[in-house]
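Peer 1: Supplied in structure tokens, the structure appears directly below.
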Amino acid sequence: MTEKLKSVTVELDFPITHEGREIASLTFRRMKARDALAGEGIENEVRAGYAVFAALAGVDIALIEELDIEDLAKVGDEVKPLMGKRFAEMAEKASPSPGAN
């Protein structure tokens, strides 16, 4: 039986400054049932996905919104295994596909 991922650290290709700190990586934990509520009441599905990413990383949604688009796609790809099958679809909507128009 293979061991399931408990967390993943995503190294940012384009570090950002948030609240006076340079952020060069983000660590995301496995999704819990309560994390599904992070996007509750947010009509925009993409922003709801950002809220879930923020909850899994323990950061403010504003930090996720500041990520470079390539880093956001990288986050989506690397975090999907932590989200379970149902919520991986949310990650797809929140992160752009490379080369998509």
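No lab work stands behind these numbers, since they all come straight from the coordinates. Since this is a predicted model, take the numbers as computed values, not measurements. Methodologically, a virtual Cβ is constructed for each residue, glycine included, from the backbone with ideal geometry; neighbour enumeration extends over all protein chains shown.
Peer 1: How many angstrom separate the Cα center of the range 9-27 from the Cα center of the range 41-86?
Peer 2: Computed from Cα coordinates, the inter-centre distance equals 14 Å.
Peer 1: Among the trypsin sites (Lys or Arg not before Pro) within the range 26-82, which fall in a DSSP loop and have no more than 14 other Cβ atoms within 10 Å of their own Cβ?
Peer 2: LYS32
Peer 1: Follow-up question, since we're still on this one. How large is ³J(HN,Hα) for each residue in the range 20-25, as worked out from phi by the Karplus curve 6.51 cos²θ - 1.76 cosθ + 1.60 (θ = phi - 60°), to whole Hz, x for Gly and Pro?
Peer 2: x, 10, 7, 10, 10, 7
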